[in-house]
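Student: Okay, handing you the structure first.
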Amino acid sequence: MTPPNQNGKPRDRAGRVRLMQTVAIAGVSLIGIALARTSAPAARLADPTFATDVAPIFYKNCTTCHRPGGMGPFTLLEYDTAKTKLDEMYDAVKGGVMPPWHAEGAHGVFRNDRRLSDTEKETILRWISTGAKPGDLKKLPPKPEYTTTWTLGTPDAVVSMPDEFTIPASGKIEYQYFEVSTNFTEDKWVQSIEIKPGARPVVHHVLVFARVPAPANAAPAAAPPTPPVAGATPAPRPTPLFIRPREQALPPDPPRADSLHAPPRQLGTLIGTETPGNVAMEFPKGTALRIRAGTILTFQMHYTTSGHQMNDRTSVGFHFAKEMPDEEIFASQFLNGSLSLPAGAKDVAVPAELGIGQPVRIWGMMPHTHLRGTRWKYTLEKPDSTSEVILDVPHYDFNWQTYYMFAKPLEVAPGSKIKSVAWYDNSASNKHNPDPTINVKWGDQTWEEMQYTGFLYSVPSRRLRPAPGKQ
């Protein structure tokens with residue numbers, strides 16, 4: 001029998017069910033309100049702290065430069081130092097200026113990608129906005145260890161410029177060249193190269209070239225080949241590894257007065273660079289660069305004055321591989337030395353291309369222009385007429401030049417072409433433009449221009465050790 005309600009009338013079953021549902025809903029709502037009220041303080045207590053949330057991000061992404069003796073103007077290893085730079089840090093992280101990275105593309109495409117994830121950015125910005133709390137500094141993660149002079153630790157071998165060079169307080173300085181022997185008595189497999197300026201404030205960039213001098217008792221040059229017999233089939237010429245258009249070659253060097261540090265007749269192969277943004281080069285696992293016994297190094301030094309006279313003696317450090325690599329890494333470049341930027345022109349596109357004659361693996365690329373360069377794009381055109389963008393740098397920054405190392409090497413088939421386009425702003429609206437009233441050609445100095453791409457590659461057909469399963 002259905003029990004009566006307060007008015008003494010029987011209560012129907014449907015009404016009872018509706019009443020129970022209403023009570024249940026009200027109960028859930030009250031619980032939700034209670035939880036919300038009790039969780040609000042918890043959310044406030046969960047503000048990011050330096051010790052547990054921010055320091056791990058800094059240690060992973062920032063302190064290679066922001067440390068004592070590093071390129072950064074302050075250190076982020078310590079809370080007390082970091083908290084004094086909150087405004088600068090907030091603007092740099094929010095604007096994507098730091099860590100410096102100017103290529104587009106998903107995370108994971110580049111092995112040396114310095115970009116912060118969206119979560120990491122949000123953590124740093126929220127830490128600053130909520131008072132930059134230290135947290136329990138006893139719970140800091142282990143701090144990365146850096147030597148005071150070498151980013152990658154003490155090298156296995158160090159080669160330095162023969163003498164110090166004095167950079168005046170002001171004035172124009174031509175590129176300087178210094179030759180020195182490695183004194184290596186056997187071939188060396190190099191796993192990493194680091195160039196360390198002796199006076200970093202006045203060293204804009206360094207290029208290190210390597211060449212093996214011909215032995216003193218070398219045989220004379222071979223006589224020219226005998227002309228082929230009429231009707232005979234000529235021997236096929238080997239396919240070159242790379243094909244470079246002649247019209248994009250460098251113009252001849254202008255005459256210059258003899259100098260103790262003028263460019264030598266032979267520079268050799270470019271093996272190392274030190275530019276803003278490039279501190280050291282570590283070659284991918286399974287690869288290494290070979291330095292031949294007796295190699296002579298040439299330091300090409302680009303100095304800029306700083307208002308104070310300084311002395312520089314730059315060094316290059318080598319870390320040797322523990323065993324022979326699977327593949328030998330080679331360094332090369334392609335460029336357009338015939339570039340011409342009209343005075344006042346705002347958006348000038350300058351192309352260059354590299355033809356591929358044999359299968360190669362491209363491990364990394366470094367675009368390089370001077371103060372008028374604004375962006376770059378690289379496209380791989382394949383033999384089947386398809387193409388893909390392999391590197392896009394929409395915000396090129398002369399002050400932060402990067403060697404973009406691919407997480408997986410580009411497998412480039414013969415018959416392909418790598419095409420680059422660099423854009424330049426030679427107008428007065430470019431605040432970095434040294435002189436918008438002149439036509440600009442190729443040149444070494446920063447008030448001139450370059451369209452240059454350095455790249456690292458290997459040749460699969462020259463593998464040094466058998467591939468797994470093919471011994």
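Each value in this text was obtained by applying a stated rule to the coordinates, not by laboratory testing. The structure displayed is predicted, hence computed values, not measured ones. So basically every Cβ, Gly included, is an ideal-geometry build from the backbone, and we count neighbours across all protein chains shown.
Student: Which value, in debye to the nearest 20, describes the size of the charge dipole of the stretch 50-139 about its Cα centre when Lys and Arg Cβ atoms bear +1, Asp and Glu Cβ atoms bear -1, and nothing else is charged?
Tutor: On the way: 13 positive and 12 negative charges, 45 e Å.
It comes to approximately 220 debye.
Student: Quick one: grab the alpha carbon gyration tensor of the stretch 340-471, order the square roots of its eigenvalues as a ≥ b ≥ c, and give me rounded if a/c is under 1.5, else prolate or oblate depending on whether a/b is larger than b/c. Display every interim value, and only then the final one.
Tutor: Working: a/c = 2.96, a/b = 2.36, b/c = 1.26.
The shape class here is prolate.
Student: Counting Lys and Arg as +1 and Asp and Glu as -1, what is the net charge of the other residues whose Cβ lies under 11 Å from the Cβ of ASP435?
Tutor: Details: positive: ARG372; negative: GLU448.
Once positives and negatives cancel, what remains is 0.
Student: What residues have an amide H closer than 5 Å to that of LEU391, excluding those fewer than 5 places away on the same chain, when H is modeled at 1.01 Å from N in the peptide plane?
Tutor: Hits under the 5 Å cutoff: TYR378.
Student: Using a 7 Å offset from the Cα along the Cα-to-Cβ direction at both GLN445 and LYS121, what is the distance between the two label points in nm, to one decimal?
Tutor: Going by the 7 Å Cα→Cβ label model, 4.0 nm.
Student: Under unit Cβ charges (Lys, Arg +1; Asp, Glu -1), what dipole magnitude, rounded to 20 debye, does the stretch 282-422 have relative to its Cα centre?
Tutor: Once rounded to the nearest 20, the dipole reads 240 debye.
Student: So between VAL389 and ASN311, what do we pick up on full extension, going 0.36 nm a residue minus the alpha carbon distance?
Tutor: Values: separation 78, 0.36 × 78 = 28.08 nm, distance 4.36 nm.
Roughly 23.7 nm would be gained on extension.
Student: Same structure, new question: Any lysines with Cα under 24 Å of the LYS346 Cα? List them, leaving off those in the same chain fewer than 8 positions away.
Tutor: LYS377, LYS419, LYS431, LYS441
Student: Work out from phi, with θ = phi - 60° and the Karplus expression 6.51 cos²θ - 1.76 cosθ + 1.60, the ³J(HN,Hα) of each residue of the stretch 278-295, listed in order in whole Hz, and give x for Gly and Pro.
Tutor: Those phi angles translate into 10, 9, 8, 10, 10, 7, x, 4, x, 10, 6, 9, 8, 10, 6, 4, x, 4 Hz.
Student: A further question on this structure: Hey, can you grab everything whose amide H is under 5 Å from the amide H of ALA288? Only 5+ residues off in sequence or another chain; H modelled, so Pro and N-termini drop out.
Tutor: Hits under the 5 Å cutoff: GLU327, ILE329.
Student: Which order do MET281, MET71 fall in if you start with the one that has the fewest other Cβ atoms within 10 Å? Show your work: numbers first, answer last.
Tutor: On the way: MET281 25, MET71 13.
The fewest-first ordering by Cβ neighbours comes to MET71, MET281.
Student: Continuing with this model, one more query. Starting from the 7 Å offset along Cα-to-Cβ, what nm value, one decimal, do you get for the label separation of LEU464 and ARG244?
Tutor: Placing both labels 7 Å beyond Cα along the Cβ direction yields 2.5 nm.
Student: Quick check: Cα centre of the stretch 53-118 to Cα centre of the stretch 276-327, how many Å?
Tutor: Value for the Cα centre distance between the two parts: 25 Å.
Student: With every atom except the alpha carbons ignored, what do you get for Rg and Dmax of the stretch 50-139, in angstroms?
Tutor: For the stretch 50-139, the Cα radius of gyration and maximum Cα-Cα distance read 12.9, 38 Å.
Student: At a Förster distance of 30 Å, what's the computed FRET efficiency of GLU186 paired with ALA413, Cβ-Cβ distance as r, to 0.05?
Tutor: Details: r = 36 Å, r/R0 = 1.19.
Here the calculated transfer efficiency is 0.25.
Student: Would you please give the residues with an amide H less than 5 Å from that of ASP156, counting only those at least 5 places away or on a separate chain, with H modeled from the backbone geometry?
Tutor: Here PHE318, HIS319, PHE320 satisfy the definition.
Student: Another question about this same structure. Does the stretch 299-412 classify as rounded, prolate or oblate by the C-alpha gyration tensor (a ≥ b ≥ c root eigenvalues; a/c under 1.5 gives rounded; else a/b over b/c gives prolate, otherwise oblate)?
Tutor: Values: a/c = 2.39, a/b = 1.10, b/c = 2.17.
In terms of gyration-tensor shape, oblate.
Student: Which lysines, on any chain, are close to LYS285 with Cα under 26 Å apart, when same-chain ones fewer than 8 places away are left out?
Tutor: Output for LYS285: LYS60, LYS143, LYS188, LYS196, LYS322, LYS408, LYS470.
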